[in-house]
Amino acid sequence: MPRKKITQGSSAKDAKAFIKHLNSDYPDYGFIAGKQDHWSPRNKTINFNQGQTLTNLQYAVLHELAHALLRHDNYQTDFELLKLESEAWQLAAQIGKNYNVSISQDHIQNCLDTYRDWLHRRSACPSCGMHVLQQSPKIYKCFNCQAQWHVSSGRFVRPYRKTINK
Ligand SMILES: [Zn+2]
Ligand SMILES: [Zn+2]
């Protein structure tokens, strides 16, 4: 797996060619180099971190493109987010085949694991430790001890902006 930063030599060229190719195949979306990987439903742009390895960049851009194609523009619960993430990775892996980018199931499961860990932490009742389902976008309620707790609206690195209550 190439470990060079894409700002160096041929990888930068490869990344550019890859983005250009995608852009001509998916002209409905803007592909914008920046600092973070995310899909913006409002602007119809796929933003990507250009300071990562070519492989990671390709994975990330394909993943965000998949969110776009699947019309993922909001989610209500953490659990739903996990589902959307999984769907986006499966589609990204499919699209990747057309560009000689193979996204392994290992990589996908690793990414999803970070979401699972996060969800696991958020869903733990602070008073009794029971893991419970989310009540609403910002509230968890424990069926065991009736405790309620609020969660912030998003994950540290969000795949796209959450647009609830609009
Ligand atoms: Zn509890
Ligand atoms: Zn995502």
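Quick note: the coordinates plus some simple rules give every number you see, no bench work behind them. Given the structure is predicted, the values throughout are model-derived calculations rather than measurements. Cβ coordinates were reconstructed from backbone atoms using ideal geometry, including for glycine residues, and neighbour counts include every protein chain displayed.
Data table
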{"read-out": "Region 12-128: Rg to Rh, with Rh as the Kirkwood radius over Cα pairs", "value": "1.01"}
{"read-out": "Long pairs among 83/138; 35/97; 13/97; 20/44; 35/138; 35/141, criterion Cα-Cα beyond 24 Å", "value": "35/97; 35/138; 35/141"}
{"read-out": "11 Å beta-carbon shell around residue 132, net charge (K/R +1, D/E -1)", "value": "+2"}
{"read-out": "Estimated inter-spin distance, residue 32 and residue 98, nm [label 7 Å along Cα→Cβ]", "value": "2.4"}
{"read-out": "Region 45-56 - phi-based ³J(HN,Hα) in whole Hz, Karplus 6.51/-1.76/1.60, Gly and Pro as x", "value": "10, 9, 9, 9, 6, 8, x, 10, 5, 4, 4, 5"}
{"read-out": "Difference of contour (0.36 nm per residue) and Cα-Cα distance, residue 122 to residue 24", "value": "31.2 nm"}
{"read-out": "Charge dipole magnitude, Cβ of K and R +1, D and E -1 - region 9-122, Cα centre, debye nearest 20", "value": "280"}
{"read-out": "Excluding exposed DSSP-loop chymotrypsin sites (Phe, Trp or Tyr not before Pro) (at most 12 other C-beta within 10 Å), longest clean stretch of the chain", "value": "1-142"}
{"read-out": "Per-residue HN-Hα couplings for region 68-82 [Karplus 6.51, -1.76, 1.60; θ = phi - 60°; Hz; x = Gly/Pro]", "value": "4, 5, 7, 6, 7, 10, 6, 8, 9, 9, 4, 5, 5, 4, 4"}
{"read-out": "The chain - percent relative contact order, Cα under 8 Å, separation 6 or more", "value": "18"}
{"read-out": "Cα shape, region 49-108, gyration tensor, a/c 1.5 rule", "value": "prolate"}
{"read-out": "Region 1-98: trypsin sites (Lys or Arg not before Pro) in DSSP coil with no more than 15 other Cβ atoms inside 10 Å", "value": "3, 4, 35, 42, 44, 71"}
